[in-house]
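Have a look at the structure below, then the notes.
The values are calculated or read from the model by the stated rules, or taken from the named source; none is laboratory data. Here the structure is a predicted model, which means the values were calculated and not measured. Cβ placement follows ideal geometry from the backbone for every residue including glycine, while neighbour counts extend to all protein chains displayed.
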Amino acid sequence: MNSASSALSFVLMIFAGWVNRQQLIVFDYLKAENRMLRQRLRGRRLGFTDAERALLARKAFGVPRKVLLDLGTIVTPDTLLRWHRQLIARKFDFSHRRKPGRPPTMRLITELIVRMALENPRWGYTRIQGALMNVGHTVCRATIGNVLKREGLDPAPERGKRTPWAVFLKAHWRSLAAADFFTAEVWSAKGLITYYVFFVIDLAKRMVHVAGMTARPNEAWMMQVGRQLTDTIDGALNAKSHLILDRDTKYSKPFRRLIAQSGTAVIRVPPRSPNLNAYAERFVRSIKEECLNRMIFIGQASLRRAIGEFMAH
């Protein structure tokens, strides 16, 4: 019995050695084949599908890192491990089961909150909450506060101490005008000359009135333009309560005083704030992009004619 068992063990040992040798031969062949494939694919990136990544990650899970390095696989061990971690994370990903959270505040209620806060600057959260209940909407104070914060509105009483530009413009829209300059280069006998064009825009009607153009916008010229604008018969500032100006030094104190004495208050926007005179700035961009930058002007008459045709258009 012992001799039979020893013979069987010897046969199994020989068979195991033969199998191990065959595996080493296959292993060496795969290493050589992978090495040649990697040389052929050097500098190129292979694309794998999700199913292929999952298959390689599962197959590589039980293989030691050193063996993977010796094998010279197309995919690096770090990539295989990363794919395996992604498979594990995907297994515990239950995002598809999640239900939507708390619905956002209805647009109608949001608009009502903002409107009440703007039209009643001294109303606090509780007052706005009561006014909403009067029209059939039940909203908590925290929601009202979040809406006002999101819209950039201060809580009362801070909201009542300052007048935002939006509120000011809405209250004076039909009596507001804005003024600005734009420049144009004109060829003359003396070479290239820069002409300054001064205009006034009616914000409510979007009508633009070109007050004048000159190569030297000095104080005397500005005063003459100011007298034309404030003329009681056909002045562009008739029935205008406010004129918006930037901080250009051409708007001198005598010029601003002349405008104010005619009954039109002068509003000077803060420095470096073109958005506060956006309509005038937008007209400058329009006339430059659509007209002035597409033409070469020879003499002041050609510039005046081009501006006139653009205004008529």
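Selection of the range 118-159 for residues being closer than 17 Å to residue 108 by Cα and touching a Lys or Arg at 6+ places or on another chain (Cβ under 6 Å) yields only 129.
Of everything in the range 91-126 that is part of a helix (DSSP H, G or I) and at pLDDT below 75, the residue that is farthest from the chain's Cα centre (by Cα) is 91. Only residues that are surrounded by 11 or more Cβ atoms within 10 Å (Cβ to Cβ), out of contact with any strand residue (DSSP E or B) (no Cβ under 6 Å at 6 or more places or on another chain) and part of a helix (DSSP H, G or I) were counted in the range 259-277, giving 2.
I need a count of the residues in the range 201-232 that are under 17 Å from residue 261 (Cβ atoms) and among the β-branched types (Val, Ile, Thr). Reasoning before the result, please.
Here is the first cut: in the range 201-232, the residues under 17 Å from residue 261 (Cβ atoms) are 219, 222-232.
Cutting the leftovers down to among the β-branched types (Val, Ile, Thr) gives us 225, 230, 232.
Matching residues across the range 201-232 total 3.
Within the range 127-138, the set of residues being in contact (Cβ under 8 Å) with a residue 12 or more places away in the chain and either outside any helix (DSSP H, G or I) or of a type in the set (A, V, I, L, M) (or both) comprises 128, 131, 132, 135, 137.
Check the range 235-243 and report whether any residue there is out of contact with any Lys or Arg (no Cβ under 7 Å at 6 or more places or on another chain) and either part of a helix (DSSP H, G or I) or within 15 Å of residue 197 (Cα to Cα) (or both).
Within the range 235-243 (the criterion being out of contact with any Lys or Arg (no Cβ under 7 Å at 6 or more places or on another chain) and either part of a helix (DSSP H, G or I) or within 15 Å of residue 197 (Cα to Cα) (or both)), the answer is no, since none of the residues qualifies.
Every test in (1) touching a Ser or Thr at 6+ places or on another chain (Cβ under 8 Å); (2) loosely packed, with under 12 Cβ neighbours inside 10 Å is passed by residue 296 save one, and that test is (1).
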